[in-house]
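Take a look at the structure set out below.
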Amino acid sequence: MAVDSEFENFVRELFEPLPDITFRNMFGGLGVFRNGLMFALCSSQNVLALKADVHTIPDFQKEGCREWQPRMEGRKPVSMGYWEVPERLMNDPADFEQWAEEAFSAAARLDAGKPASQRKLKR
């Protein structure tokens, strides 16, 4: 299964105002990157999710969002640190842009905590 092309186009438009964004097809979904660091994804079930950390998870929880966890047959769900985007942001480009920037910041903080050899973001 792959991301619906109409939904993929919508997602690409949402991220258009942000600088240095690239997209990569991944496992039937779509990864959203900036400077080599993935900070958002669109799943093959057409779910848009943003990277979150201890600083931003409460914002997602206040909005009633759930953590996105891939489900593979015969395996337990895996936490990857991505949270479903609040529905209201899909119709509010300015707020979406702010949340996307926060997601990139969360991804950068998490990346900075890794050993230098495993970091994706080039500083």
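Every number here is computed from the coordinates shown, using simple stated rules; none is lab data. Predicted, not measured: the structure shown is a model, and the values here were computed from it. Neighbour counts run over all protein chains shown; Cβ positions are idealised from the backbone, glycine included.
When Ser105, Ser43, Ser117 are arranged by Cβ crowding within 10 Å, least crowded first, meaning fewest neighbours, the order is Ser117, Ser105, Ser43.
Among the GluC sites (Glu not before Pro) in the stretch 21-123, those located in a DSSP loop and surrounded by at most 10 other Cβ atoms within 10 Å of their own Cβ are Glu73. Estimated from helical segments only, the mean residue ellipticity of the chain at 222 nm is -9500 deg cm²/dmol, where each DSSP H run of four or more residues counts as -39500 (n - 2.57).
Distance between the pseudo-spin-label points of Phe7 and Asp20 (7 Å out from Cα toward the beta carbon): 2.9 nm. In summary, the aspartates and glutamates within cross-link reach of Lys120, defined as a Cα separation below 14 angstrom excluding same-chain residues under 8 places away, comprise Asp111.
Net charge within 11 Å of Gln45 by Cβ-Cβ distance, Lys/Arg positive one each and Asp/Glu negative one each, not counting Gln45 itself?
Combined, the nearby Lys, Arg, Asp and Glu give -1.
When the P(r) is computed for the stretch 45-91, the part past 18 Å accounts for 30% of the Cα-Cα pairs. Once you sort the root eigenvalues of the Cα gyration tensor of the stretch 13-76 as a ≥ b ≥ c, which label holds: rounded (a/c under 1.5), prolate (a/b larger than b/c) or oblate (the other case)? The shape class here is oblate.
Among the trypsin sites (Lys or Arg not before Pro) found in the stretch 31-80, those both in a DSSP coil and sparsely packed, with 12 or fewer other Cβ atoms within 10 Å of their Cβ, are Arg66, Arg71, Arg75. Each listed q (0.11 Å⁻¹) maps to a log10 I(q)/I(0) for the chain, found by the Debye formula over equal Cα scatterers with no solvent: -0.35.
Length gained on full extension, Ile57 to Asp95: 12.0 nm, using 0.36 nm per residue less the C-alpha separation.
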